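Just so you know, all these numbers are worked out from the coordinates, no wet-lab data involved. Everything numeric here is computed off the predicted structure, so don't read it as measured data. Cβ placement follows ideal geometry from the backbone for every residue including glycine, while neighbour counts extend to all protein chains displayed.
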Amino acid sequence: MVFAGIYPVETDAFEELRDCMDKLQLNDASLTFELETSQALGFGFRCGFLGMLHMEIIQERLEREYNQTVITTVPNVSFIATTVRKEVIKINNPTEMPDPTRIDHIDEPFIKAQIITKPEYIGNIMTLCITKRGILTHQHYLTPTRVELSFEMPLTEIVLTFTIN
């Protein structure tokens, strides 16, 4: 899942936003949210989306159906840190990161990407995926004009910046 914060522009509209989020969740079971507080933005919600498109749809619905003007934070993904004492900590933002001397390892969410393309685009696609820390796991010619490339990639790398520079 991709996570982002949603905050009302007007701080006194928080309860109304909570009601709207409850209504949205009734007909969209894939939307998750929990209360979140920001020093800069006040009270809002940390929302889980199935992806960037899902996030944009929720934003549009809040504005069009419920007349809510909201501030949405930059999307991110959660990491899991395991301490040297074997405590498991879910990290939703950098401020929650434990002291580096206490960390045994950090688990990052990965995806399996399957890309079907024409042979002339293989080089550009491989360059893009590899620069995003992708690992090519499989390449298969489906037909003389179609190639399937399979990659394992960190979700963090593709949430916002999966474009050729």
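A cut-off under 11 angstrom between Cβ atoms defines the neighbours of Cys20, and their net charge, with Lys, Arg +1 and Asp, Glu -1, is -3. What translational diffusion coefficient, to the nearest whole µm²/s, does segment 2-72 have by Stokes-Einstein, given a Kirkwood radius computed over alpha-carbon pairs, a temperature of 20 °C and 1.002 mPa s viscosity? Taking Rh from Cα pairs, D becomes 180 µm²/s. Measuring from a point 7 Å past the Cα of Tyr141 along Cα-to-C-beta, which residues in segment 118-135 have an amide N at less than 15 Å? It comes to 118-123, nothing else.
Calculated [222 nm] ellipticity per residue, helices only, for the chain: -8000 deg cm²/dmol; basis is -39500 (n - 2.57) per DSSP H run with n ≥ 4, divided by all residues, nearest 500. Net charge of the neighbourhood of Val9, taken over other residues with C-beta under 12 Å away and scored Lys/Arg +1, Asp/Glu -1, is -4. Here's the picture: charge each Lys and Arg Cβ at +1 and each Asp and Glu Cβ at -1 in the chain, and of Gln39, Ile91, Ile106 the one pushed furthest to the positive end of that dipole is Ile106.
Other residues whose C-beta falls under 10 angstrom from the C-beta of Thr83 contribute a net charge of 0, scoring Lys and Arg +1 and Asp and Glu -1.
Provide the FRET efficiency to the nearest 0.05 for the Glu65-Ser150 pair, computing r from the beta carbons and using R0 = 30 Å. That pair, Glu65 with Ser150, gives E of 0.15. Where the alpha-carbon atoms of segment 73-165 are placed on the principal axes, they occupy 53, 28, 16 Å, in descending order. When the Cα atoms of the chain are aligned to their principal axes, the ranges along those axes come out at 59, 46, 29 Å in descending order.
When the C-alpha to C-alpha distance is required to be over 32 Å, the pairs from Lys23/Lys90; Lys23/Lys118; Lys86/Lys132 that qualify are Lys23/Lys118. Look at where the Cα atoms of segment 60-130 and of segment 1-55 average out, and the two centres are 18 Å apart.
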